[in-house]
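Working notes for the structure below.
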Amino acid sequence: MAARDTVRPRVRVAALMTLDGQVVLVRHRAGDSTYHLLPGGGVNWGETLEDALTREIAEETGLEATIGRLLFVNDTIDPSGARHVVNITFEASITGGQITQKAADHRVEAVDLAAPDDLTGLDLRPPMAEQIQAALLGDVQSPVYLGSLFRADS
C-alpha cells in the first residue's frame, strides 16, 4: 500500500443546492474523462465548515448561498492508500449571484444543472445519486453516515 506524505484524511465540504428545480453540479475534467460533483471543496486550516463551503460555492459557481442542515457524511478511501477524503454534505439555499461561465477553480470545466431524475445517469462523485434524490424528496433523516463510497475510477 503506497502511503501519502500525510496520514490525515482530507476534509471536503459539499452543497446540495437547487435552482429552478434542478440540482447545481460542477463538471470536472480529468484527462479524457469528465465527472460531476456537488459544489464544494477542501477546508482550510482555521476555517469553519460553513465558511469553507460558502467560499467554495462562490469560487466554483459564482453563486452566493446560505448553508443549511447537515445531510450526509461519507468517506472516499482509495484501497491503495493514495487518498482518503471525508465528505461532509450540507443543504444550501441560493441567495444571490449568477452562475459563472469561468470558475475561479481551474479544475471546474462548467457549472451544470441536472434534473433530479437524471442524476443516476451521470458520473457523480462520490456516487450518491440515490441519496441526493431521497434528500430532495425529504426522505432523509439527517445526518446520515453513508460509509465509504470509493469507486476505482474516482
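Since every read-out is calculated from the coordinates, none of them should be taken as a lab result. Treat the numbers as computed from the prediction; the structure is a model and nothing was measured. Note that each Cβ is placed from the backbone with ideal geometry, even for glycine, and that neighbours are counted across all protein chains shown.
Odds and ends about this structure:
For every residue, the table says whether it meets (1) among the basic types (Lys, Arg); (2) under 21 Å from Gln133 (Cβ atoms); (3) in contact with a Lys or Arg (Cβ under 6 Å, 6 or more places away or on another chain); (4) part of a helix (DSSP H, G or I).
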position	(1), (2), (3), (4)
Val11	no, no, no, no
Ala14	no, yes, no, no
Val26	no, yes, no, no
Arg29	yes, no, no, no
Tyr35	no, yes, yes, no
Glu47	no, no, no, no
Glu60	no, no, no, yes
Gly68	no, yes, no, no
Val73	no, yes, no, no
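- Hits in segment 97-154 (condition: without any contact (Cβ under 8 Å) to a residue 40 or more places away in the chain, of a type in the set (Asp, Glu) and either part of a helix (DSSP H, G or I) or in contact with a strand residue (DSSP E or B) (Cβ under 6 Å, 6 or more places away or on another chain) (or both)): Asp117, Asp118, Glu130
- Some residue of segment 76-89 being more than 20 Å from His36 (Cβ to Cβ) and touching a strand residue (DSSP E or B) at 6+ places or on another chain (Cβ under 7 Å): yes
- Residue ID - surrounded by the fewest Cβ atoms within 10 Å (Cβ to Cβ), chosen from residues in segment 76-132 that are β-branched (Val, Ile, Thr) and in contact with a Pro (Cβ under 6 Å, 6 or more places away or on another chain): Val86
- Scanning segment 28-74 for residues that are surrounded by fewer than 18 Cβ atoms within 10 Å (Cβ to Cβ), within 13 Å of Ser93 (Cβ to Cβ) and β-branched (Val, Ile, Thr) yields a total of 1.
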